[in-house]
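Report on the following structure.
Any read-out appearing in this document is the output of simple, stated calculations on the displayed coordinates, not a laboratory observation. Everything quoted here is computed from the prediction, not taken from an experiment. Cβ: placed from backbone, ideal geometry, glycine included. Neighbour counts: every protein chain shown.
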Ligand code: NIG
Ligand code: FE
């Protein structure tokens with residue numbers, strides 16, 4: 001159990017009223033100072049000799065969470081823990097206990113001599129869930145491509161625009177020209193919107209660089225944002241997002257360049273290496289060569305697989321035992337079964353299919369066949385400019401035939417597994433990080449029923465309230 005450090009970044013004399021006012025007025029604020037007390041014991045019975053912070057969220061109509069420290073597969077995705085009159089007790093930035101309000105009150109009384117010294121949130125009539133995890137975004141980029149969006153609505157395809165020099169190449173130019181400060185500012189605003197929607201951890205990719213210098217800039221921006229903003233950022237190096245004009249017709253040379261320069265630059269700064277495996281972008285053999293080199297360098301692996309044509313990317317992800325394979329709109333049955341057998345999480349991105357007007361990935365089929373399915377937004381300036389968890393939930397439940405229970409697992413525990421964080425986030429369990437959202441609805445089914453609406457009322461990140469509406 002971590003102890004509270006002396007530097008919590010907050011001042012001790014902020015009154016509750018002024019804290020509430022700041023909560024309403026600022027996009028996000030540093031953690032409030034909570035009353036400090038000495039506990040008699042922890043959950044394991046240890047005495048604690050230090051000051052600490054306690055938060056109780058109680059009286060919830062329903063508390064809902066998947067359980068576990070790894071992805072749930074197939075029909076296990078629907079097996080959630082439901083607690084009526086639910087409550088959760090947080091110690092500093094971790095969850096100490098989850099149960100009914102009376103169970104938590106009892107635990108609290110056992111632990112602290114003065115329960116009044118605890119910060120309390122009354123969640124009466126509301127639903128408590130783990131914070132959402134978005135395991136696939138490209139949220140750092142320069143410029144916008146609203147013109148292409150209009151072209152696509154008039155019938156141009158994503159690949160036609162890309163082949164004509166637009167698409168990712170257009171964002172590459174704008175990202176190269178943007179200063180680090182500009183990318184930081186726009187990134188900050190995008191993270192604010194994520195927090196509004198209950199996203200407490202996000203994966204972010206490089207890939208609009210075309211050269212190591214710009215990729216380095218993207219990583220630096222994500223590192224700074226991770227330090228400065230409450231949303232945790234898991235970084236992915238994606239030098240293999242498009243083939244730059246300088247390497248046109250020489251994709252092999254570009255892979256050599258990424259292996260020689262890109263991977264060493266990103267080593268130790270990004271957890272994952274990702275590649276856009278697609279006909280006309282990176283073929284299977286090119287993708288495999290890069291991913292093997294990345295693994296050798298210590299990266300975990302991800303793939304954009306079988307998004308536009310059925311190339312076999314999902315099969316390669318299985319062969320390489322990647323952490324996740326993403327998109328999978330055109331993945332074959334055989335490759336999906338190989339992914340299941342290799343323990344690769346299927347990260348589905350329905351907002352992209354919606355935006356591209358493509359048929360959705362076969363979420364129902366994958367779950368019925370035992371795969372672990374996660375959901376991500378794919379926020380990017382081209383194929384999918386949205387952070388909308390509510391839209392994604394609607395698409396998953398209405399069009400992909402996933403139940404709301406499966407969808408909740410896909411947005412939390414399985415999304416955490418897709419970025420290899422299921423041991424610390426993605427569910428409400430003792431010892432996990434206190435990333436918690438409170439929804440303004442009496443039970444979890446409202447998430448699909450009251451569709452495409454943001455029901456998030458309060459966001460608790462690392463044990464501190466960072467949003468309250
Ligand atoms: O996941 N498919 C490749 N990459 C992104 C799109 C990036 C872009 O168009 O800027 C995706 O859809
Ligand atoms: Fe993507």
Point to revise | Contact order normalised by residue count of region 279-431, Cα under 8 Å, 6+ apart, percent | key: 16
Review point. For region 382-466, what does the alpha-carbon gyration tensor say about shape, rounded, prolate or oblate, given a ≥ b ≥ c as the root eigenvalues, a/c under 1.5 as rounded, and a/b over b/c as prolate?
Key: prolate
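What 222 nm value per residue comes from the helices of the chain, counting each DSSP H run with n ≥ 4 as -39,500 (n - 2.57) and dividing by all residues, nearest 500 deg cm²/dmol? Don't skip to the end; give the middle numbers.
Numbers: 18 runs with 157 residues, N = 469.
So the calculated ellipticity at 222 nm is -9500 deg cm²/dmol.
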Review point. Which angle between 0 and 90 degrees, to the nearest 10, do you get for helix 16-25 versus the longest principal axis of the chain when only C-alpha atoms count?
Key: 20
Review point. Taking a ≥ b ≥ c as the square roots of the eigenvalues of the Cα gyration tensor of region 99-173, is the shape rounded (a/c under 1.5), prolate (a/b larger than b/c) or oblate?
Key: prolate
Check your understanding: How many angstrom lie between the C-alpha centres of region 388-427 and region 220-283?
Key -> 25
Exercise for review: Only Cα pairs under 8 Å and at least 6 apart count here; give the relative contact order of region 132-417 as a rounded whole percent.
Suggested key: 17
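Quote the relative contact order of region 106-211 in percent (integer), defining contacts as alpha-carbon pairs under 8 Å separated by 6+ residues. All intermediate terms of the calculation are to be shown ahead of the outcome.
On the way: 85 pairs, mean separation 45.4, N = 106.
Relative contact order for region 106-211 comes out at 43 percent.
For residue 147 and residue 117, compute 0.36 nm times the residue count separating them, minus their Cα-Cα distance, and round to one decimal in nm.
5.3 nm
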Review point. Put a dot 7 Å past each Cα toward the Cβ at residue 177 and residue 399; how far apart are the dots in nm?
Key: 3.3
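Would you kindly state how much longer the chain becomes between residue 297 and residue 253 on full extension, computed as 0.36 nm times their sequence separation minus their alpha carbon distance, in nm to one decimal?
On the way: separation 44, 0.36 × 44 = 15.84 nm, distance 1.90 nm.
Full extension from residue 297 to residue 253 adds 13.9 nm.
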Point to revise | Point-to-point label distance, residue 193-residue 70, nm (Cα→Cβ direction, 7 Å offset) | key: 3.7
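Does region 241-318 classify as rounded, prolate or oblate by the C-alpha gyration tensor (a ≥ b ≥ c root eigenvalues; a/c under 1.5 gives rounded; else a/b over b/c gives prolate, otherwise oblate)?
Working: a/c = 2.05, a/b = 1.16, b/c = 1.77.
Since a/c reaches 1.5 but b/c is at least a/b, the shape of region 241-318 is classed as oblate.
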**Study point:** Cα-Cα P(r), region 132-417, percent of pairs per 5 Å interval
**Key:** 1, 6, 13, 18, 21, 19, 14, 7, 1, 0
